[in-house]
Amino acid sequence: TGRTHQIRVHMAHIGCPVLGDSLYGRDAGELIGRQALHAAVLRFAHPRTREEITIKAPLPDDLNKCLHMLAGHDIIKSGNESEKHPTGGDGNDIVTRASFSDSA
């Protein structure tokens, strides 16, 4: 979609391309067979009632597996840069901020 494209362009522009984005970054090889994008939580106002609607989605298995494979490599920062996935869970869905560069 347009929003996905915009995210990809902006992330590449600041030097942090989306993992698996072969157009603006580079292919992820065997880590993941798609762009590593995921919306954990969507929040919006219902168009008629204006009630706040919240939709949560767990981390997909392929993205979770990719993060765990990367956890043993230097491109993942550790320590206080890890944060719990917003959907909660049993601790297996830890999202870690990573810094990817051409040298990784």
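Note on LEU37 and ILE14: the extension gain reaches 6.6 nm, defined as 0.36 nm multiplied by sequence separation minus the Cα-Cα distance. Ranking of ARG43, ARG34, ARG48 by solvent-accessible surface, largest first: ARG48, ARG43, ARG34 (1.4 Å probe, protein heavy atoms only, all chains present). The coefficient of translational diffusion for the stretch 18-65, derived via Stokes-Einstein from the alpha carbon Kirkwood radius under 10 °C and 1.306 mPa s, stands at 124 µm²/s.
Projecting label points 7 angstrom from Cα along Cα→Cβ for ASP27 and ILE53 puts them 3.9 nm apart.
The values are calculated or read from the model by the stated rules, or taken from the named source; none is laboratory data. What you are looking at is a predicted structure, and each value in this text was computed from that prediction instead of being measured. As a convention, Cβ positions derive from the backbone with ideal geometry for all residues, glycine included, and neighbour counts pool all protein chains shown. The area values use the complete protein model at the heavy-atom level, side chains included, leaving out ligands, DNA and RNA. Shrake-Rupley method; radii C 1.70, N 1.55, O 1.52, S 1.80 Å.
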